[in-house]
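Contents: one structure, followed by commentary.
The values are calculated or read from the model by the stated rules, or taken from the named source; none is laboratory data. For clarity, every value in this text was computed on a predicted model and none was experimentally measured. We place every Cβ from the backbone using ideal geometry, glycine too, and count neighbours over all the protein chains shown. SASA here: full protein model, heavy atoms, side chains in, ligands and nucleic acids out. Shrake-Rupley method; radii C 1.70, N 1.55, O 1.52, S 1.80 Å.
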Amino acid sequence: MQRDPRFDILFEPVRIGPVVAKNRFFQVPHCNGMGHAMPQAHAAMREVKAEGGWAVICTEECEIHPSGDVSPYVEARLWDDHDIPALRLMCERVHAHGALAGIELTHNGPTASNLYSREVLLAPSHQPSKYGYPAQARAMDKRDIADYRRWHRNAALRARSAGFDLVYVYAGHDLSLAMHFLQKRRNQRSDEYGGSLENRVRLLREVIADTKDAVGDTCGVVVRFATEELLGDGGVTLSEAKEVVHMLADLPDLWDVNLAAWYNDSVPSRFAREGAQEPFIDWVKKVTSKPVVGVGRFTSPDTMVSQIRRGVLDMIGAARPSIADPYLPKKIEEGRLDDIRECIGCNICVAGDNTVTPIRCTQNPTMGEEWRKGWHPERMAPRKSGAKILIVGSGPTGLEAARALGQRGYEVHLAEGRPELGGRVSLESRLPGLAEWARVRDWRLGQIKTMPNVHVYRGSQLGAQEVLEFGANHVLLATGCHWRRDGFGRSNGLGIKGFGQAAIFTPDDIMNGAMPDGPVVVFDDDYFYYASTIADQLCKHQRAVYYVTPDDTIASWSSNTLDYRHIQARMHALGVEQIVASNIAEFKGDRVVLEHVWSGKVSELSCAAVVTITARLPQDALYQALLAMESAWPAAGIQSVRCAGDALAPGLIAHAVYAGHRYARELDEVPAGDVPFRRHLHTSFT
Ligand SMILES: Cc1cc2nc3c(=O)[nH]c(=O)nc-3n(C[C@H](O)[C@H](O)[C@H](O)COP(=O)(O)O)c2cc1C
Ligand code: SF4
């Protein structure tokens, strides 16, 4: 297919100082939990994006010195020359596909931890470390400032030796000294680096000049700059940011501008739409003659074109869209818009970083598996047999298995008991704010529609006998799960007294349209997104809601996906009353008996109903029935029966998609063994 000429503008080259990007697609820095510890996995992940057409591929933030050690987070590292080979690997892989490699140098100052290095934290002025570590950062003296500039300069030189084409000076996300000196709340200095804006911007100006001086003849020097922190006067404000960009306008070779902190930048789709940062960055291009990159979870080529044509941006910055679809530019270039696997804005990718583990993506199950499993987001091994596959259940596991097996060329039959396809994705995407999650279903259905070898049956409830008679060689049960009604969960291993009553609802009931009388207690023993979305739905129907949880705060796991602050704000805006550190001892029909987790104090709360969100159970009755009939499989031509996804063990949608994908990858292949992936092994102990 040919590219639509209206997208030609996206494929124009852009000069960035001494180097030229081949098009306008710019993968902005993003961490991945692999960083300096897993260089081969890291390089392979970046390579796939270069192959997919991105003109610029950046690292994540890169530590320049042990006093800016961000352990336990695993980021890039350029402390000394020993760190060069790992990053050279990435540059070689990126260059092999005609892309530029960029590196984001940073010293995290009081937002580092130094848990590994045990160095004393550094900051513009004495202050506590940001992340609650019980240690303070000390105020930098002039010698420290000179050292910091030297470390940054040396790291830039090392970056050039590694092969990087773009070197960042990072002043974003409240995560780097160059930004900390700008912030009034972090900088109370009385010397020429504190006080007036001119003084507070001095260090940023100096580091840009140092970097240009060190590598500017061959590398583009990029500034990542936060234009607003949404914190009022103590933070970087839009009006100050405008002055800063005026002061430094043409000093860098490119401006990469966005919101700080991270939770205001990588906002989940539940709380921000595509292009939401525009009002905070649309003025930058008017101030500088240098190209401008911005972000906004851009997945629509039309939105991208509009950003360029309206003079908002010169290059389309993307982190999450490049994770969900490393081939996004190539698909636009080849006129394959329907093939674009759009990011759903769930931030499971972010949770990888926050849980100090390799990156995972809901939409793209191959993310993080490029090296260790050899999985490619676009390519799969062709089928190894003429086997016919029956998949029961069209949720994220079933749909992904059907799509991927279809791609391999198998004859696939996908049976769904309900009239609607998509399973939990269809249900959850109807909850307030989660509409984009339907992309998990829609992309897969769109792909399946083009595959004559994949057959889909709706409203088709199969029993074990019918499965046996179907004539399939392999059967995959992807029949999902349901929420428990008995209160069993983390806090109540024996269930909750009184939860057998009609006024006890589960998320399944609400998602299927039930609406309890109010006031309603939403009981959260799950700690992620469900309870707040259910509360939101109940509020939409004018129910008074109490959010009760045994945990010390609501939705605690959502801090890993950067939802937490937004959920708190939303619950407060809706008037949802939070009752934390409280378990439910009993439901008495018109009230719940609460027991305080720490004091043991008992109280009562009047309510008409409870929505209980505690644990789920696999719906595996068909699987169990088939296992019981194993002796009949050979006569029926069945070689294997497997159960996967929520039907095996309920989890995230990301787990479900991965399970379906893995099934499809592994069918008819030689089993990988007890450790089913490659590892970075330490083989030298000298
Ligand atoms: C998993 C993940 C890790 C990130 N790590 C970094 C980082 O190391 N440095 C940085 O400047 N921004 C980081 N970001 C922010 C992105 O660069 C980007 O500004 C933000 O995600 C908004 O762009 P998007 O909507 O295209 O995702 C990260 C984003 C994600 C999703
Ligand atoms: S994990 Fe979710 S937010 Fe992150 S890239 Fe994938 S789909 Fe987008």
What 222 nm value per residue comes from the helices of the chain, counting each DSSP H run with n ≥ 4 as -39,500 (n - 2.57) and dividing by all residues, nearest 500 deg cm²/dmol?
-> -8500 deg cm²/dmol
Mind giving me the nanometre distance, one decimal, between the label points for Arg143 and Ala96, set 7 Å out from Cα along Cα→Cβ?
-> 4.7 nm
The chain: radius of gyration and largest Cα-Cα distance (Dmax), Å = 26.7, 86
Excluding residues fewer than 8 positions from Lys130 in its own chain, the aspartates and glutamates with Cα under 14 Å of it are Asp69, Asp174
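First compute the accessible area of the chain with a 1.4 Å probe, then give the percent of it belonging to carbon and sulfur atoms.
52 percent
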Burial ranking of peptide ranges 678-684, 469-475 (average Cβ count within 10 Å, highest at the top) | 469-475, 678-684
With label points built 7 Å along Cα→Cβ from the Cα atoms of Leu617 and Glu604, find their separation and express it in nm.
-> 3.1 nm
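Using the beta-carbon distance between Glu586 and Asp668 and R0 = 56 Å, what value does 1/(1 + (r/R0)^6) give for FRET efficiency, to the nearest 0.05?
Numbers: r = 53 Å, r/R0 = 0.95.
With a Förster radius of 56 Å, E is 0.60.
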Helix 202-215 sits off the longest principal axis of the Cα atoms of the chain, rounded to the nearest 10 on a 0 to 90 degree scale, by 90 degrees
Loop-resident GluC sites (Glu not before Pro) in the range 188-222 with no more than 16 other Cβ atoms inside 10 Å, DSSP not H/G/I/E/B, are Glu192
Would you please name the GluC sites (Glu not before Pro) within the range 291-351 that are DSSP coil residues with at most 14 other C-beta atoms within 10 Å of their C-beta?
-> Glu334
Mind scanning Lys212/Lys290; Lys22/Lys285; Lys540/Lys601; Lys330/Lys449; Lys184/Lys242; Lys497/Lys540 and naming the pairs with a C-alpha gap bigger than 23 Å?
-> Lys540/Lys601; Lys497/Lys540
Among 509-515, 26-32, 154-160, the order from most to least packed when residues are scored by Cβ within 10 Å on average = 26-32, 154-160, 509-515
Packing-ranked peptide list from 259-266, 597-604, highest mean Cβ count within 10 angstrom first, is 259-266, 597-604
Restricting to the chain, compute how many DSSP beta bridges are antiparallel as a %, nearest 5.
-> 20 percent
Using alpha-carbon positions, what is the distance between the centroids of the range 192-257 and the range 120-183, in Å?
-> 14 Å
Given Cβ charges of +1 for Lys and Arg and -1 for Asp and Glu, the option among Gly493, His455, Gly480 whose Cα lies farthest towards the positive end of the dipole of the range 444-494 is Gly493
How much FRET efficiency would the formula 1/(1 + (r/R0)^6) give for Thr553 and Phe677, where r is the Cβ-Cβ distance and R0 is 35 Å, rounded to 0.05?
-> 0.50
Mean projection area, nm², convex hull over Cα of the range 122-228 = 7.1 nm²
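Stretched out fully, how many nm does the piece from Lys384 to Arg189 gain, at 0.36 nm a residue minus the Cα gap?
The Lys384-Arg189 span can extend by a further 63.4 nm.
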Computed E for Phe11/Ala649 - FRET, C-beta separation, R0 56 angstrom, nearest 0.05 | 0.80
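Tell me, what is the per residue accessible area of the range 581-686 in Å², probe radius 1.4 Å?
54 Å²
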